1. Calculate, axis by axis, the spread of Cα positions in the range 120-267 along the three principal axes, and write the results as whole Å, longest axis first.
2. Which lysines have a Cα lying under 19 Å from the Cα of Lys19, excluding residues fewer than 8 positions away in the same chain?
3. For the chain, with the dipole built from +1 on Lys and Arg beta-carbon atoms and -1 on Asp and Glu ones, taken about the Cα centre, which of Val242, Ile254, Leu175 lies farthest toward the positive end?
4. How much length is gained if the chain between Lys220 and Lys195 is pulled fully straight, taking 0.36 nm per residue apart and subtracting their Cα-Cα distance, in nm to one decimal?
5. Can you pull out the trypsin sites (Lys or Arg not before Pro) in the range 118-184 that DSSP calls coil and that have at most 14 other Cβ atoms within 10 Å?
6. Using only C-alpha atoms and all pairs of different ones, pull out the Kirkwood radius for the chain in Å with one decimal.
7. Order Phe218, Phe121 by their accessible area, 1.4 angstrom probe, all chains in place, largest first.
8. Alpha carbon centre of the range 5-50 versus the range 187-256: separation in Å?
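The values are calculated or read from the model by the stated rules, or taken from the named source; none is laboratory data. Bear in mind the structure is a predicted one, so any value in this text is a computation, not a measurement. Cβ placement follows ideal geometry from the backbone for every residue including glycine, while neighbour counts extend to all protein chains displayed. The area values use the complete protein model at the heavy-atom level, side chains included, leaving out ligands, DNA and RNA. Shrake-Rupley method; radii C 1.70, N 1.55, O 1.52, S 1.80 Å.
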Amino acid sequence: MYQIIDGKKISQEIKDELKEKTAALKADGKSICLAVIQVGSDPASSVYVGNKKKACAYIGIESLAYELPEETTQDELLALVRRLNDDDKVNGILVQLPLPKQIDENEVIQTIAPEKDVDGFNEKNVGALCVGSKGFVSCTPFGIIQLLKRSGIEISGKRCVVIGRSNIVGKPISLLLLRENGTVTICHSRTENLKEITRQADILVVAVGKPKFVDETFIKEGAVVIDVGIHRDANNKLCGDVDFEKTAPHTSAITPVPGGVGPMTVAMLMYNCVSSVE
Ligand code: GUN
C-alpha cells in the first residue's frame with residue numbers, strides 16, 4: 001500500500017506555525033507586508049494570486065495588491081518595483097508570472113531587491129542556493145523538500161531524479177536535493193533513454209509540464225514520486241504530470257494533484273515572508 005503525501009494537511013501545519021510566529025512578531029511591534037503584483041488577468045494567475053492573498057490574511061501578513069492592465073509597459077512595471085524596493089513598509093515583493101509578452105521577465109525579476117525577493121528568483125538568491133549561503137529559496141522546490149521531510153522520507157544518500165530543468169522548479173529542486181545529500185540526476189527534453197534513468201530513482205520529481213507524461217513504466221517499484229504539474233484533462237478534471245491511477249500502486253509514496261505540491265508553494269511563500277522580518 002502506498003502513502004499519499006497530503007500537501008493540504010502539511011501546508012496547513014506550516015501556515016499554523018507561521019500564524020503563531022507572526023503573532024509573536026506583532027507583539028514585538030514588527031509587522032509583515034507583502035506586495036503582490038499581477039499584470040493582466042490570466043485566469044490561472046488570478047487563482048494563484050487570490051490564494052496568496054488569502055494565506056496572508058490567515059497568517060496575519062498584510063498584503064498590498066497591484067492589479068495592472070495587460071498593456072502595462074516594461075518601464076511602468078519597473079518603476080513600481082523600484083518604488084516598492086524603496087518602501088520600508090514593504091518586506092516582500094512578488095510579481096506573478098507569466099508576464100505579458102511586451103515585458104522582459106528576467107529584467108523585472110533582477111530588479112526586485114534580493115532582500116525582498118520572497119519568490120527566490122533573483123540571481124543573488126539563486127546564487128546563494130548554489131553555494132549554500134543564506135537567501136530566499138524558491139517556494140515550490142522548498143515546499144517539495146518540506147513534503148519529503150515532514151512525511152519521514154529520507155533524502156540523504158538516495159538516488160533522486162528530476163525531470164525538468166526550469167529556473168523555477170527543475171534547477172532549484174536539484175540543488176536542494178543535493179544540499180540534502182541526495183545523489184541527483186537532472187533529465188530534460190533532450191535526455192536519451194529517459195526511462196532507463198527514471199527507473200533508477202528512489203525519489204522522482206516530475207516537472208515537465210505535460211499532462212500524465214509519467215506512468216508506471218517510468219518508475220522503480222516502491223519509488224517516491226513528486227508531481228509538480230497541474231493541468232486539466234479531457235474531462236476538465238485537474239491532473240498532474242503523472243498518471244496517478246497507473247503510477248500510484250507501484251510507488252511507496254506519491255503526491256496527488258490537486259492537494260500535493262500546489263498548496264506547499266503558497267505555504268513556503270508565507271514562510272519566506274515571515275523570515276524576511278525575522
Ligand atoms: N507562476 C507560477 N509559479 C509561480 C511562482 O512560484 N511565483 C510567481 N511569482 N509566479 C509564478
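1. Principal-axis extents of the Cα atoms in the range 120-267, largest first: 42, 33, 32 Å.
2. Once the sequence-local lysines are set aside, what remains near Lys19 is Lys8, Lys9, Lys30, Lys52, Lys53, Lys54.
3. Ile254
4. Numbers: separation 25, 0.36 × 25 = 9.00 nm, distance 0.98 nm.
That works out to 8.0 nm of additional length.
5. Values: sites: Lys124, Lys134, Lys149, Arg150, Lys158, Arg159, Arg165, Arg179; in loops: Lys134, Lys158, Arg165.
Loop-located and lightly packed - Lys134.
6. Numbers: mean 1/r = 0.0516 Å⁻¹.
One over the average 1/r among Cα pairs gives 19.4 Å for the chain.
7. Working: Phe218 15, Phe121 45 Å².
Order by accessible area, largest first: Phe121, Phe218.
8. Value for the Cα centre distance between the two parts: 28 Å.
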